[in-house]
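What follows is calculated from the coordinates using simple rules that are stated; it is not laboratory data. Owing to the predicted nature of the structure, the values given are computational and were not obtained by experimental measurement. Counting neighbours? That spans all protein chains shown, and the Cβs are built from the backbone with ideal geometry, glycine included.
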Amino acid sequence: MKTTKNILKQADFSKEDLLYLLGLKGDERLLLLQKSAEVKKLTVGKKVYFRGLIEYSNKCKKDCYYCGVRASNSQPRRYEIAEEEVLSAAKFAYENKFASLVIQSGERSDEAFVSKIEHLLREIKTLSNNDLGITLSCGEQSTKTYERWKEAGAHRYLLRIETSNRELYSKLHPRNSLHDYNKRIKALKRLRETGYQVGTGVMIGLPFQTLEHLADDLLFFKELDIDMAGMGPFIEHQETPLFQYKDRLLSLKERFELSLNMVALLRLVMPDINIAATTALQAIDEQGREKALKVGANIIMPNLTPIKYREDYLLYKDKPCIDEEAEECQNCLVARIHMAGDEIGYGEWGDSLHYKQRQKQLIIKP
Ligand code: SF4
């Protein structure tokens, strides 16, 4: 009979192994978390990299059933951060040696939006002498748009699948061409073809979600050969359709623990990718991000969005850090990283080792 210790010695994990490990509790679960912490140290090491987060705009054409800024929600004041404010946040990141930014936005594909992002990318590259690395998280776009943004300076792209299960996906989104599962998968593939480092991620503890779905998510990441991941607990937002299922959800504590298990398992399944310690973890547990760093995460995203916009970018309820200035946020995260026993990779892009490895293999192959 397989034991937890034996399974954890494996280099590869079957779906059954993942299901077993996801469901661990008590001391057996601690074995998993210890193992993933060891693997993290041996592969990506103790360095944690900053990605200064700019929540550029909450204007969105989509209507995802879980999201607080979905187009049908009339509550948030719709905004787009002014160019000088974006550049000032980028300057802060540059001067504080963050080395990388993430520009995140609701999804739009109109030319005004596409060219604005393109322009901002060029301006940020200019003000930082090309030193700031830039990740985009601006949804599904055409190949042409991905190419334009890459050409203008972005080199990583995060497009979360939210769940890799087709049926569950259709319960989280309206059934129309704007929210098509196949299109999302194709967009992820186009990003890889365009040359980005590609990231995706899922929500954990969704209504209707099973451990089997989560085990499949981990296998999906491996099959897609992702370079980075951002995963966090599902937290219900009362102005969204999924809120009606709140009574079916796992407790917040259970969702949190399952999220840590997912982070730990992903570190075992794909040891050399970048994994973010997401803010949603901290919405449940004050030390959520440190705990994620301890069990496998190596990326953290200090929020550089000007405070006046933050309460209109509430993707889920009780989002933390909505009233902290960039400097306070940075100080707080520095303390959290040190508490987790890690150190900060100041001035380093901290690109995914997995990506670098793939590039090397491409060069070696004729
Ligand atoms: S999850 Fe993203 S694409 Fe969906 S409604 Fe929210 S901001 Fe728009």
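Worth pointing out:
- A straight Cα-to-Cα reach below 14 Å connects Lys25 with the aspartates and glutamates Glu254, Glu257, residues fewer than 8 places away in its own chain not being considered.
- Mean separation of Cα contacts under 8 Å, 6 or more apart, over the residue count of the chain: relative contact order %: 24
- Average Cα contact separation per residue, the range 264-313, under 8 Å, 6 or more apart, as relative contact order %: 39
- Sorted by Cβ density within 10 Å, fewest first, the residues Ser36, Ser72: Ser72, Ser36
- As a proxy for reagent exposure, ranking Cys332, Cys67, Cys60 by other Cβ atoms within 10 Å from fewest up yields Cys332, Cys60, Cys67.
- Exposure proxy order (Cβ contacts within 10 Å, fewest to most) of Ile103, Ile204: Ile103, Ile204
- Largest first, the extents of the alpha carbon coordinates of the chain on the three principal axes equal 61, 47, 46 Å.
- Angstrom value of the Kirkwood radius, inverse mean 1/r, which spans all Cα pairs in the range 1-148: 18.9
- Extending 7 Å from the Cα toward the beta-carbon at both Leu219 and Gln361 defines two label points whose distance is 2.0 nm.
- Förster radius 51 Å - calculated FRET efficiency between Leu211 and Ser115, Cβ distance, rounded to 0.05: 0.70
- Taking 0.36 nm per residue of separation and subtracting the Cα-Cα distance, full extension of the segment from Asn176 to Ala71 would add 36.4 nm.
- Helical content alone sets the calculated 222 nm signal of the chain at -14000 deg cm²/dmol, taking -39,500 (n - 2.57) per DSSP H segment of four or more residues and averaging over every residue.
- Cut-off of 10 Å, at most 15 other beta carbons, DSSP loop: longest stretch of the chain lacking such trypsin sites (Lys or Arg not before Pro): 176-316
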